[in-house]
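The values are calculated or read from the model by the stated rules, or taken from the named source; none is laboratory data. Model, not experiment: these values are computed from the prediction. All Cβ positions, even for glycine, are placed from backbone atoms using ideal geometry, and neighbour counts span all protein chains on display.
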Amino acid sequence: MHALLALLLIIFLAKVFGELVERAGFPSILGEIAAGIVFGLLFLRPESDVLLFFSELGAIFLLFTAGYKEINLRELKTASRTALIPTISQVLLAFSFGFLIGRIFDFSQMASLFIGVAFSITSIGVSVRTLIDLNYLSKKIGSTMLASAILDDLIGIFMLTVVISIATYQQIPSGMEILVIAVRMICFIAIMTVLGRGVFPVLFTYIHRMRVKESIFAFVVVVALFSAYLAEAFGLHAVIGAFIGGVCLSSVPLAKIEDVQSKVSGIAYGIFIPIFFAFIGLSVDLVAMQTAGLFTLLVIVMALSGKLIGGFIGARIAGFDSYDSLIFGAGVMPRAGIELVVIAAGMEIGIIDDEIFSAIVLMIAISVIVTPVLLKFAIKLKETRITPESEAQQA
Amino acid sequence: MVVDYTKIGVAEIMTRDVVTVIEETTIEDLLELFGTYHYHSYPVVTETGELSGIISEDIVLEILLFDRLPASGHTHLSAVRSLGDDASGIMMPYPVTVSPDTSLSETADLMLRHRVDRVCVTDSGKLIGILSKRDIVNEICKRRD
C-alpha cells in the first residue's frame, strides 16, 4: 500500500473511531487502538517504515507533551506529601504482580520486568470523569488520587528508564554495569538540567526575535527531538529524553506561549499520537491472544487486582477508611498512554513478544472499560453504608 | 514626522496601575474581580510584588465549565486546577514578560507573531506594569494625530 494512503487511512480511522468511542463515554484511545486493529484486518499488516517512524514520533510526542504541558513542578511537593504512601503501595504491588505472572509463565526476567512496569503506571483520565459525575473529585480521596497520578507517572517513567537501560544487557546486570547505567542517567539528567535552567531560557529570547515564520514552535519541536536523540546517545530510550526535555521547557515562558502550546498539541494529538495508538492496534496479534487465553486472562485479573489491592492497602495505611480506600484502589486501576509506550519499547528491543504485547493491550482496554463501573460501585457502596447519622457520629 | 517605534520603550506606554491579585486570593474573590472590571486577565503577585503567574478568562471558563467539558478535556492539569481554592492553585505560571526598556516595536512583533494579547512588564522579577495590544494601538493612533 502506498505510504500516503496508509497514513491518511490510519489518521481518518483513528479520528472517526476515537470520536465514536468518546461519544459512547470511553476515552478516545480505545477507538484509536480499534482503528489500528480494523486497519490490520482490512489491509493485513502493511510493512511500512513510514508508519513505524510516525508511530515512534507519536510515542516521543506523547511523553514530551506530558512533560511540557502537564507537569507542574510546584505540585510535586504537595503531591508527595499527601499521596506518597498510597502511590508506593499500589505501584509496588502492581509491579510485583506483573513480574510474578511473567515468571509463572516462564518468560525471561527481562520480559517479566517489562510486564511489571507496564502494570505499574496509572492513567487517571477515565477516573476523573467518573469522579466528576459523582461529585467526588473535590473530596479528599479524589484529590489524593490526582496527586497519586502525578507521582505514579514519574515513578513509572523512572522504572521504564531503568528497565530499558538494563534491557540492553539482555539479563539482570552486574553491580558494575548498574553503576555505568546510573552514571549515564545522572549525566543525561545533569546536562538537561543545565540546558533547562541556563540555556533554553536565554536561547528562546533570541528565537522569538527570529524573522522566519513559527520560530518558537519549530524550536520547541527541535528541543523535543534533540532531547529524545540525546537520551538515545546516552543509552536511554528516546521517549524518556522527550519527557525530560518537556519538563525542561515547562518553565520557559516564551516556549509556553499558548499559541505555541496549541500548535505542539495540534501535531501531537492531531497526528502523531493517534498514529502511535493505531499502530499499537495494528501490532496486536489476535491469534496470539486467543491461543494464550489463560495468560491473557491472568494478565487482566492480576493487573487490575494489583492496583485495587495495592491502592486499598496504601490508602488504609495513609489513614483513609475502608470505603475511601476501595474508591482509591478502583480509581487507580486504569492504564492508557504511557503503558503502551512501555510495551512498544519492549517490543522494539525484542524483549516482549506478540503474546505479552497483545495481552497487555487487551488489559489496558478492559481496565478503561471496567474502572468507571467499579468506581461507581465503590462510591455507591460508601454512600449506602455511611448514612448521615453515622457520618455525624464519626465527626 | 515618522515615529521610530524602536526607540520607544514599553515603560513609556504601559499601564502602571495594574489590578493584581495575590497568591492567596480566593476563587470567589477572583470571580468577583472578573465581574467588577473588564480586564481579560489578572497578574498574580507574591507579597513582595514579584510576578508569579497570570489568571486569564480562559482559565476561569475552564474551571467554571470543567464538569461540562467532554472527557478529552479532562487533563490531569485541568483536573488539578478545578480543585484549586486560591489564585496560586489555578494560575498559569511563567507568564510572558518583557523588561521596561524593551522597544515598542519588538513587543508588538512578539504579540502579533505569537498571538500574545498582553505582556507583563517586570523589573528584576517585580511586576511594574502591563501592556496590551489595545495600549499599543492607542499609542500609535495618538502619535499619528
Q: Hey, could you check segment A:88-124 for residues that are hydroxyl-bearing (Ser, Thr, Tyr) and more than 16 Å from residue A:341 (Cβ to Cβ) and say which is farthest from the other protein chains (Cβ to nearest Cβ)?
A: A:108
Q | Cβ-Cβ under 7 Å pairs, at least 6 apart or on other chains, segment B:85-99 side more than 7 Å from every other protein chain (Cβ to nearest Cβ) and over 14 Å from residue B:59 (Cβ atoms), far side of a type in the set (A, V, I, L, M, F, W, C) and buried (at least 18 other Cβ atoms within 10 Å of the Cβ) | A | B:98/B:10; B:98/B:119; B:98/B:121
Q: Name the residue, out of B:17, B:101, that is of a type outside the set (Val, Ile, Thr) and out of contact with any strand residue (DSSP E or B) (no Cβ under 6 Å at 6 or more places or on another chain).
A: B:17
Q: For residues that are facing another protein chain (nearest Cβ under 8 Å) and not in a helix (DSSP H, G or I), scanning just segment A:125-159, find the one that is surrounded by the fewest Cβ atoms within 10 Å (Cβ to Cβ).
A: A:138
Q. Restricting attention to segment B:26-49, does a residue exist that is under 25 Å from residue A:146 (Cα atoms), assigned to a strand (DSSP E or B), touching a residue at least 12 places away in the same chain (Cβ under 8 Å) and within 13 Å of chain A (Cβ to nearest Cβ)?
A. yes
Q.
Just to be sure I understand, how many residues within segment B:76-128 are closer than 21 Å to residue B:30 by Cβ, acidic (Asp, Glu) and not in a strand (DSSP E or B)?
A. 2
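Does residue A:239 satisfy the criteria of being aliphatic (A, V, I, L, M), within 14 Å of another protein chain (Cβ to nearest Cβ), surrounded by 18 or more Cβ atoms within 10 Å (Cβ to Cβ) and part of a helix (DSSP H, G or I)?
So residue A:239 fails the test.
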Q | Failed item, numbered, when residue A:215 is tested on (1) closer than 28 Å to residue B:41 by Cα; (2) in contact (Cβ under 8 Å) with a residue 24 or more places away in the chain; (3) polar (S, T, N, Q) | A | (2)
Q: Could you identify the single residue in A:278, A:255 that is crowded, with 24+ Cβ neighbours inside 10 Å and more than 28 Å from residue A:13 (Cβ to Cβ)?
A: A:255
Q. With (1) in contact with a helix residue (DSSP H, G or I) (Cβ under 9 Å, 6 or more places away or on another chain); (2) within 30 Å of residue A:293 (Cβ to Cβ); (3) not in a helix (DSSP H, G or I) as the list, and residue A:106 as the residue in question, which single condition is left unmet?
A. (1)
Q.
Is it the case, given these coordinates, that residue A:337 is modelled with pLDDT under 80 and under 24 Å from the mean Cα position of the chain (by Cα)?
A. yes
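Quick one: would you say residue A:283 is modelled with pLDDT of 90 or more and among the hydroxyl-bearing types (Ser, Thr, Tyr)?
Answer is no for this residue.
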(Q) Tell me whether segment A:176-186 contains one or more residues that are part of a helix (DSSP H, G or I), buried (at least 18 other Cβ atoms within 10 Å of the Cβ) and of a type in the set (Val, Ile, Thr). (A) yes
Q: Among residues belonging to segment B:105-121 that are under 25 Å from residue B:50 (Cα atoms) and of a type in the set (Asp, Glu), point out the one that is farthest from the other protein chains (Cβ to nearest Cβ).
A: B:117
Q. Among the candidates B:56, B:82, which residue alone is in contact (Cβ under 8 Å) with a residue 12 or more places away in the chain and more than 8 Å from chain A (Cβ to nearest Cβ)?
A. B:56
Q: Look through A:191, A:115 and report the one residue that is part of a helix (DSSP H, G or I), under 23 Å from the mean Cα position of the chain (by Cα) and among the β-branched types (Val, Ile, Thr).
A: A:115
Q: Return the residue satisfying two criteria in turn: it lies in segment B:100-137 and is loosely packed, with under 15 Cβ neighbours inside 10 Å and without any contact (Cβ under 8 Å) to a residue 40 or more places away in the chain, and of such residues it is nearest to residue A:258 (Cα to Cα).
A: B:115
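Scan segment A:309-328 for residues that are under 22 Å from residue A:114 (Cα atoms) and buried (at least 24 other Cβ atoms within 10 Å of the Cβ) and jot them down.
Result: A:310, A:311.
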Q) Which of the residues belonging to segment B:61-99 are over 16 Å from residue B:127 (Cβ atoms), surrounded by fewer than 16 Cβ atoms within 10 Å (Cβ to Cβ) and of a type in the set (S, T, N, Q)? A) B:72
